[in-house]
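Accompanying notes for the structure given below.
The values are calculated or read from the model by the stated rules, or taken from the named source; none is laboratory data. Predicted, not measured: the structure shown is a model, and the values here were computed from it. Backbone-built Cβ (ideal geometry, glycine too); neighbour counts: all protein chains shown. The accessibility values were calculated without ligands, DNA or RNA, using every heavy atom of the protein model including side chains. Shrake-Rupley method; radii C 1.70, N 1.55, O 1.52, S 1.80 Å.
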Amino acid sequence: MSEINKLKIFNDPIYGFITIPNALIYDLVQHPYFQRLRRISQMGLSYLVYPGAHHTRFHHALGCMHIMQKAVDVLRFKGVEISPEEENALYIAILLHDIGHGPFSHAMEKSIVEDVHHEAISLLFMNQLNLEFGGKLSLAIQVFKGEYHRKFMLQLISSQLDMDRMDYLKRDSFYSGVAEGNVNSERLIQMMNVVDDVLVIEEKGIYSVEKFLMSRRLMYWQAYLHKTSLVAELILMKVLKRAKELTQKGIVLPCSEPLLFFMQNKITTETFTSENLDLFSQLDDFDIISALKSWQKQDDFILSSLSKMIINRDLLKIKLTEEKPSAEELNVMKERFALENNINLAETNYFIFKGKIKNQAYSKEAEPIRILKKDKTIEDVVDVSDQLNLKTLSKSVTKYYICFPKQLV
């Protein structure tokens with residue numbers, strides 16, 4: 001294929017036309033590892049609450065690359081030197097930043113590939129692609145790992161005001177219909193600058209930063225931590241945990257080969273080989289959904305009940321509280337449920353459990369969002385803002401939840 005043919009355009013409902021900047025980026029987008037992201041939902045099971053939220057990580061990755069192109073243009077216009085190699089490294093790193101996500105990301109991380117973070121898997125994919133592309137991703141990997149001397153390049157990819165957050169807030173808000181999450185990424189990008197290789201936002205952009213942080217907080221409560229999305233994800237984790245438990249006892253469950261492999265084997269960061277990576281690259285949302293459809297008919301009461309809940313959207317009841325739920329309250333429910341369904345007390349933990357969620361829009365512990373004032377001094381956004389709510393936004397809010405079957409109400 002000629003180089004000219006690789007300069008494709010995508011039509012995106014958020015930004016309009018997105019252009020592929022060069023042949024290498026085109027080849028990365030065409031790679032099966034990246035195409036797999038078309039089959040991984042960006043918001044997991046949130047479509048059970050917001051029916052429009054069916055957009056994918058493929059969509060999101062292209063959106064991030066597009067706004068990274070805008071950021072590079074703005075910074076160069078302001079006199080920040082970015083070489084063609086650095087520019088390409090930024091595009092590759094942001095394009096591939098989420099490539100390690102498994103199906104229904106966070107549920108996978110806590111059940112099938114235990115404690116292997118998606119960022120670690122992203123890095124494994126990037127290293128593998130670097131081998132295939134003859135070392136052309138080396139600088140992008142250096143930037144992604146935070147090992148490159150120009151700090152602002154990592155901040156554009158991963159910080160409290162990065163291209164990733166700017167795109168997912170705008171995109172998730174659009175597809176879910178939660179208008180509160182809509183951020184003005186164009187204005188934020190126009191206000192960016194670099195001082196001593198560190199990313200700053202010019203003072204006149206402070207209100208856009210405040211709006212961005214407020215939008216992030218509201219999106220967490222209304223979408224990402226919405227109680228129905230939360231309980232659906234928790235049930236999915238329980239289903240996968242149960243399936244893994246049964247598989248390791250020698251019970252053969254119908255599912256795809258890649259899924260079966262990860263259920264039969266305990267894979268850690270240390271044991272994640274290139275063969276495992278290849279199997280992981282064949283896993284997507286469809287493996288999980290088709291397994292759940294089959295597991296509804298299994299003899300195991302726990303597995304079939306939990307699978308039906310997700311497939312038919314007939315979920316456990318979830319109650320959010322400000323106070324920690326008492327163990328006594330849970331025990332009473334567990335005893336009743338065990339008796340009614342002829343299961344032992346340990347098995348009731350699949351249906352009756354508690355936990356907590358945290359929402360913090362801005363962290364004082366993490367690297368700050370820096371504001372470049374008119375007198376050329378640089379300060380943390382919280383200290384510059386005249387809005388008291390930014391102080392509030394940097395406080396962590398904790399809520400407790402308790403999940404249980406509806407018939408126990």
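Taking θ as phi - 60° and the Karplus parameters 6.51, -1.76 and 1.60, the scalar couplings of region 16-28 work out to x, 7, 10, 9, 7, x, 7, 5, 5, 4, 4, 5, 5 Hz in sequence order, x denoting glycine and proline.
Its Kirkwood hydrodynamic radius, worked out from the mean inverse distance over all distinct Cα pairs, puts region 39-92 at 13.0 Å. Per-residue ellipticity at 222 nm, computed for the chain from helices alone with -39500 (n - 2.57) per DSSP H run of at least four residues, works out to -14500 deg cm²/dmol. Let me know the shape class of region 18-131, please: from the alpha-carbon gyration tensor, a ≥ b ≥ c as square roots of the eigenvalues, rounded when a/c is under 1.5, otherwise prolate if a/b is greater than b/c, or oblate. Prolate, since a/c reaches 1.5 and a/b exceeds b/c.
Across the accessible surface of region 1-150, with the other protein chains kept in place and a 1.4 Å probe, carbon and sulfur atoms take up 53 percent.
Of LEU316, LEU161, PHE272, which is farthest along the charge dipole of the chain in the positive direction, counting Lys and Arg as +1 and Asp and Glu as -1 at C-beta? Among LEU316, LEU161, PHE272, the one farthest towards the positive end of the dipole of the chain is LEU316. Pairs of alpha carbons in region 1-61 separated by more than 13 Å make up 68% of all such pairs. With distances taken between every two different alpha-carbon atoms, the chain has a Kirkwood hydrodynamic radius of 23.0 Å. Charges were assigned to the Cβ only: +1 to each Lys and Arg, -1 to each Asp and Glu. The resulting dipole of region 36-112 about its Cα centre is roughly 400 debye. Taking the centroid of alpha carbons for each part, region 344-409 and region 1-60 are 30 Å apart. Amide H contacts of VAL194 (H built 1.01 Å from N, in plane; Pro and chain starts excluded): VAL200 sit under 5 Å, all sequence-distant by 5 or more or on other chains. For GLU114, nonlocal amide neighbours, meaning residues 5 or more places apart or on other chains whose placed amide H falls under 5 Å from its own, are ILE267. Surface exposure of region 1-106, expressed per residue as accessible area with a 1.4 Å probe, stands at 38 Å². With every protein chain in place and a 1.4 angstrom probe, the accessible-area ranking of ASP27, ASP98, ASP383, largest first, reads ASP383, ASP27, ASP98.
Over all distinct Cα-Cα pairs of region 215-269, the Kirkwood formula returns a hydrodynamic radius of 13.2 Å. Across region 211-219, computed HN-Hα scalar couplings (Karplus, 6.51 cos²θ - 1.76 cosθ + 1.60, θ = phi - 60°) run 5, 4, 5, 5, 4, 5, 4, 5, 5 Hz from first to last residue, x flagging Gly and Pro.
D by Stokes-Einstein for region 270-375, Kirkwood Rh over Cα pairs, 10 °C, 1.306 mPa s: 86 µm²/s. Taking Cα atoms only, the orientation of helix 301-311 departs from the longest principal axis of the chain by about 40 degrees.
Among GLY16, ALA71, LEU90, flag the residue with its Cα farthest along the positive direction of the charge dipole of the chain, charges on Cβ as +1 for Lys/Arg and -1 for Asp/Glu. In the chain, that residue is GLY16. Compared with the dominant principal axis of the Cα atoms in the chain, helix 163-176 is inclined by about 50°.
Scalar couplings 3J(HN,Hα) for region 253-263, obtained by applying the Karplus form with A = 6.51, B = -1.76, C = 1.60 to θ = phi - 60°, are 9, x, 6, 5, 4, x, 5, 4, 4, 6, 7 Hz; x denotes Gly and Pro. Helix 227-248 and the longest principal axis of the Cα set of the chain meet at an angle near 60°. Note on region 1-121: lysine pairs with Cα distance below 29 Å, sequence gap of 8 or more or different chains, count 4.
Computed about its Cα centre, the charge dipole of the chain is approximately 1180 debye, with only Lys, Arg, Asp and Glu carrying charge at their Cβ.
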